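Where a number appears in this text, it was derived from the coordinates with a stated rule and is not lab data. All values reported here derive from a predicted model rather than from experimental measurement. Counting neighbours? That spans all protein chains shown, and the Cβs are built from the backbone with ideal geometry, glycine included.
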Amino acid sequence: MTTLEALKLHQRRTFLTNSCRGVGALALSSLLTPRAANGESPRGVILKPHVAPKAKRVIFMVMAGGASHLELFDNKPELKKRNGEVMPESITKGQPIAQLQNNKLICFAPQWGFKKHGKSGQEMNELFKFLPEVADDLCIVRSCKTEAINHDPAHTFMNTGSSVSGRPSMGSWLTYGIGAESADLPGFVVLTSNGRGGQNQPIASRQWSAAFLPGKHQGVQLRGKGDPVLYLTNPPGVGSDQQKDVIDAVAKLNQMQNAAVDDPEIATRIGQYELAFKMQTSVPNLMDMKDEPAKVMESYGTKGSDGSFAANCLLARRMAQKGVRFIQLYHRDWDHHGGIKDGIKLKIEEIDQPLAALVKDLKRLGMFEDTLIVLTGEFGRTPMSQGGSGRDHHMKGFSVLLAGGGIKGGVSYGATDEFGYNAEEKVFPIHDLHATMLHLLGIDHERLTYKFQGRDYRLTDVHGHVVKDILA
Amino acid sequence: MRTFLTLACALLPASTFAAEPPIDFARDVRPILSSQCFQCHGPDEKVRKAKLRLDIREDAIKAGVFVPGKPDESELIKRIHTTEPELRMPPAKSKKPPLTETQVNTLRRWIADGAKYSEHWAFTPLKRPEVPKPQAQSTNPIDAFILARLEKEGVTPLKETDRVTLIRRLSFDLTGLPPKPEDVRAFVNDKDPKAYEKLVEKLLASPHYGERMAVWWLDLVRYADSAGYHSDNPINVSPYRDYVIQSFNTNKPFDQFTTEQLAGDLLPNATLQQKIASAYNRLLQTTEEGGAQAKEYIAKYSADRVRNYGQVWLGGTIMCAECHNHKFDPYTHADFYSVAAFFADIQEPSIGNRGPGTPVPATPEQQAELKRVGDAVPAAQAKLEAAATKYIAGAKAFEDYEKWPNPTPAKKGPATVVVPADVKAILAKDPDKRTPAEVAKLVPFARDNAPSLKPDRDAVVAANKAKTDYELVLPRVLMTQSGPPRVVRILPRGNWLDDSGPIMKPNTPAFLPPLPPLAGGAGRYNRLDLAKWTTSAENPLVARAVANRLWKLFFGYGIARSLEETGVQGEQPTHPELLDWLATEYQTKWDTKQLIRLLVLSSTYRQASVETPAVRERDPMNKLFARQTRARLDAEFIRDTALSVSGLLNPQIGGASVKPYQPLGYWAALNFPVREWQKDTGDKVYRRGMYTHWQRTFPHPAMVAFDAPSREECTCDRPKSNIPQQALVLLNDPEFVEAAKAFASKTLKDGGAMDGARVMWAFERAVNRTAKPAELEVLMEVLNKHRKQFADKPEDAKKLLGVGDLAIPKDVKPEELAAWVSVCRVILNLHETITRQ
């Protein structure tokens, strides 16, 4: 192996002196952030942090379908008072609107009461039973806004900072920028869970695409059913030893070929086969929770990897421990065009306990301080009623919950107007969320760029401000 | 015949490179100004700082930025050097790194030389450069350009590669498939001095050539089998894909190819193929999402079309002018919407399903049959009508008419016919007293109800059903339907809610050569005008962009590396004269095969690709093309190679997209409706990768692992990643395990009698060269070990052989075959198997 290592070093040195342009840097591209066979974890392009990092990793939870801020974190007594009245035209005129096009716009009161918790008095839906226990660890931003009103482009905007397809997602940007700490798991992992209400909006794999960034930064989906990672399992009848024989033979032959043609891609490929083989063990080990104490399982309310949000929260913590950089959880079924009262109750039941458990568990392990947790929908929901029992998509104001990794606990930031329609005070666009997240990870969002189509592309496009008020 | 001077390993140290070449504005200076200054001091007046622009020489000199000949008196140099933070350029808040010493020196030397500007290479009129005359003899102009540069740099190109590598390279490049061992042997042993030329002609004439070229083109035009947004439902466009394959195979001139796609529907007497070509305009991403706003999506579609047209044909980034003037190039905000207006006539639902499209017969037989079943309907209708007219003249025609059975009895409807009141009134009259108009009214009543006319009525129903049924089995395609154009306005900041911008008529970007005047001086330009302008001799961009991309297919890199950006921010061509020469050559006849022939016949193409560390050190990105470039095969061709080597490949060209193996549940996050991949059966499972159903939101995962794009947007240059998912696919994906199974069966059948011979046979089939003894030994070791293991556990062998639809031969012991599957899996996983050298 030493010859190969030496060869790799030489080939890499040669390459790094000349890596002017990432895209199309054929043949040698995979050495940009080498992930060597010897267990070395992959590096990113930012070798020295731009600012002192507070967080090492992110757990990003998407309440997919568009969670209602008005039934989660944004209490609007005035909206309650005006229930059934026509929304003032001064607010709604000329505004983008989704399914309520050509409908009368009627105020719809928050369907549940709110309670304040903790020393900070964090306000949330009265149905939350577990989350109040960690209220003072949470930062709730109530003034977020986005630029897309339909699910598909809104997810794309949330993930890539643009609703035009074809830009890298934030997890890809992050691993491109600072690599990952895990040697045998991907740096960017995606998990999805469905709800019980049957409002499961589709989610495209574009949401975890690396787009024009090198393919290794693509998010890898972990699945509850079948192979946890696509093609992870050996072919039937092939034992682990035999698989190893095949991989070893491939490596030996590749090395012989390398001696003849001296191709740095061969060294990389040998490393990738070793990593793939390791993943064949590390991923099942990750998914198999039998090493978790019963108490921990109970605290999340899960019995094991069953594709539920609770299981995924625990898996997220396990991945955080193993150095996965960006862990993204999609929890579906929040698209409450109707039946929002009962619907929200179901959803809160699904997320309340595991979310609180995750915060407490990370604290127990001393990882809360350097794990950034974000929870948001792709947009919010209208203060106006849809069909008398639901709410439509809404992009002008909604709430985001942040915690851990450099976030100040017990903070409420920003506000929507008295109807919960427009983010009005300390407006927090998605680009600011991205800029702030990157800042916490030690990255200046204006300096994490990739040249494509002649342009230095960024996650924050040409926008974004770090919101210092919510930083610890 | 090799024409290069070939000195083995004549690797000269870097210091012998020609000393400091003269400064060239376009090559050396503009990239610095563009990346460091133009963002605030460039073409976009909305963000321009201090009313200063540096992209126009007169303006910059007037403002004192440069004093030609006097770098030290130039404000530019002072501002770069100053230590005062408020004055320093670029300012700290731009986050741009300070200029390097080399960059500053370049600027100083350029100012000292007189600060001369030149136009950006891609925007200047295309002129045919003279072919240089290097000392080394060359018959191919490409080599002349390459050699002239190499001689200047003091670098010697590599020798022609060995014949095995050459035929393998050429086969992959021209057909996307590896050569068959017998073809390799024939070529290696061909003593004819024209052996290589013959091979080129043979491969260019292969029907697989069109498939290979289509893979390139379909990435550009973002061809896919699904709509893209949200529910991502299927769309019918595969006849367009087949049109592309056929166009390459018949070597359709590129200008015609362009016109047919952009405006085939507008051509006078458009043929069916030309209408199918116009499906290009329907390939964009569309939505069916509930609650989508029509106006927003009309704007999205409009922008999508401009982005794609600008990338595919103009090779640049007009898309950056959607919200404002381009920051670096002369594209204006108005240009974006003028180009958008060309496409405003395309009729389509703004929100909702695209519909099934138009049935298109694929063969003359289908065409004849479609006509036959189509003509049968009016014929049957006419016959019924005639029968009814004749019927009412009968004396007893309406006797007992009230007792006629109801011809279309509903569940709770009456058993007898429902007689409209007016008919009843007419029938109550004496037949002789009925007016002709009244008599005429009786015809439809009789036609629809008279019991004796039932056979004729049934015939109409049957004819209609036959037509509908037949149309269902025909391929369908979303063609372009032209109609009254939508109003296109300039959208301020790209905001679709803002109607304050002026209305734009179709026009081409103002800085490029204009369209010819409209006939009669009035009216409106259309897509046909755009298409003709696109490939007109005056257009400086298109031939350059396309020639550059074609070069990339055969040399691994573009002459200008940024295939997606011909603009100021793109990379300068390494060989500008060569690129212009190729572009003019191409533009004369738009003969794609001829251009490719020229490329692959060059000695530059035929060089070895072997790199030593010294070569890599000197020119890591192969900017001199003093060697060939190695590259992993594209996703489709990796699948094709496994299928071809194993003998599974179904070589059918064209047809509906197919569904080979795909992991269950991969589509779990799709909805409206919830779907599961329905795997095809039979030999559809073994079609080439390019025919695999392309689902934009979830493209086939084995293809994604090897960098196949989602085809949501134009892809000019696929990245070539090297990631663990690739190993997992080649090791574990049933399609590759089954290929190994077929490969093993074939090896046992055709590979000779002895183990060693068989291993050698299989190895050669995959990589086209003979295995060395050490390589043979590695494979023999796997064979013997696994042979013993599977013999001990025959049930494991059976499990492994159960992968895939393919039945295993009955005359082979499962445990023996399984051991050979292991050997074949190793071979299919080799780096060499999936690499073009």
- Unsatisfied cross-links (Cα-Cα over 24 Å) in the set A:Lys80/A:Lys396; B:Lys659/B:Lys749; B:Lys746/B:Lys772: B:Lys659/B:Lys749
- Query: Which FRET efficiency value, to the nearest 0.05, do you get for A:Arg447 and B:Arg493 by plugging their Cβ-Cβ distance into 1/(1 + (r/R0)^6) with R0 = 30 Å?
  - Reply: 0.75
- Query: Can you give me the Cα centroid spacing of the stretch B:667-701 and the stretch B:715-760 in angstrom?
  - Reply: 22
- Item | chain A - share of DSSP beta bridges that are antiparallel (%, nearest 5) | 50
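Within the stretch B:137-194, which GluC sites (Glu not before Pro) sit in a loop by DSSP and count at most 12 neighbouring Cβ atoms inside 10 Å?
In loop regions of the stretch B:137-194 (DSSP not H, G, I, E or B), there are no sparsely surrounded GluC sites (Glu not before Pro).
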- Message: Compute the helix-to-body angle for B:592-601: its Cα long axis versus the longest principal axis of chain B, expressed 0 to 90° and rounded to tens.
- Response: 30
- Message: Which residues among the stretch B:724-751 fall inside the zone where the amide N is under 14 Å from a point 7 Å beyond the Cα of B:Asp805, along Cα→Cβ?
- Response: B:735, B:738-739
- Tilt relative to chain B, helix B:333-342 - C-alpha long axis, 0 to 90 degrees, to 10: 40
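If we count other beta carbons within 10 Å of each Cβ, what is the order of A:His463, A:His331, A:His393, fewest first?
Going from sparsest to densest Cβ surroundings: A:His463, A:His331, A:His393.
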- Note on the structure: In whole percent, the Cα-Cα distances of chain B spread across 10 Å bins from 0 upward as 2, 10, 17, 19, 18, 14, 9, 5, 3, 2, 1, 0
- Query: Arranged by the count of other C-beta atoms within 10 angstrom, fewest first, what order do A:Cys144, B:Cys716, B:Cys40, B:Cys824 take?
  - Reply: B:Cys40, B:Cys716, A:Cys144, B:Cys824
- Query: What percent antiparallel are the DSSP beta bridges of the protein assembly as shown, to the nearest 5?
  - Reply: 55
- Query: Among the helices of chain A (complete DSSP H runs), which have Cα atoms covering no less than 20 Å along the helix axis and a Kyte-Doolittle mean of at least -0.5?
  - Reply: A:2-16, A:240-261, A:264-287, A:340-364
- For labels at B:Leu664 and B:Ala393 in the simple 7 Å Cα→Cβ model, what's the distance in nm? 6.9
- Query: Where in the stretch B:43-145 are there GluC sites (Glu not before Pro) that are in a DSSP coil and have at most 12 other Cβ atoms within 10 angstrom of their Cβ?
  - Reply: B:Glu45, B:Glu86, B:Glu119, B:Glu130
- Principal-axis tilt of helix B:454-473 within chain B, Cα atoms, nearest 10 degrees: 10
- Query: Taking +1 at the Cβ of each Lys and Arg and -1 at the Cβ of each Asp and Glu, which of B:Ile77, B:Leu599, B:Ala214 sits farthest along the dipole of chain B towards its positive end, judged by Cα position relative to the Cα centre?
  - Reply: B:Ala214
- Given B:719-727, B:346-354, the highest-first ranking by average Cβ count within 10 Å works out to B:719-727, B:346-354
- Note on the structure: Too long for a 29 Å Cα-Cα cut-off, among A:Lys76/A:Lys345; B:Lys46/B:Lys532; A:Lys225/B:Lys180, are B:Lys46/B:Lys532; A:Lys225/B:Lys180
- Query: Net charge near A:Ala64, counting Lys/Arg +1 and Asp/Glu -1 over other residues with Cβ under 9 Å of its Cβ?
  - Reply: -2
- In whole Å, what is the distance between the alpha-carbon centres of the stretch B:139-171 and the stretch A:311-372? 58
- Reachable lysines, given that their alpha-carbon falls under 16 Å from the alpha-carbon of B:Lys194 and they are not under 8 places away in the same chain: B:Lys202
- Message: Give the aspartates and glutamates whose C-alpha is closer than 15 Å to that of B:Lys793, dropping any in the same chain fewer than 8 places away, or say none.
- Response: A:Asp241, B:Glu815, B:Glu816
- Message: Could you compute the net charge surrounding A:Pro96? Neighbours are other residues with a C-beta less than 10 Å from the C-beta of A:Pro96; K and R count +1, D and E count -1.
- Response: 0
- Note on the structure: Ordered by fewest other Cβ atoms within 10 Å, a rough proxy for footprinting exposure, A:Cys139, A:Cys313 read A:Cys139, A:Cys313
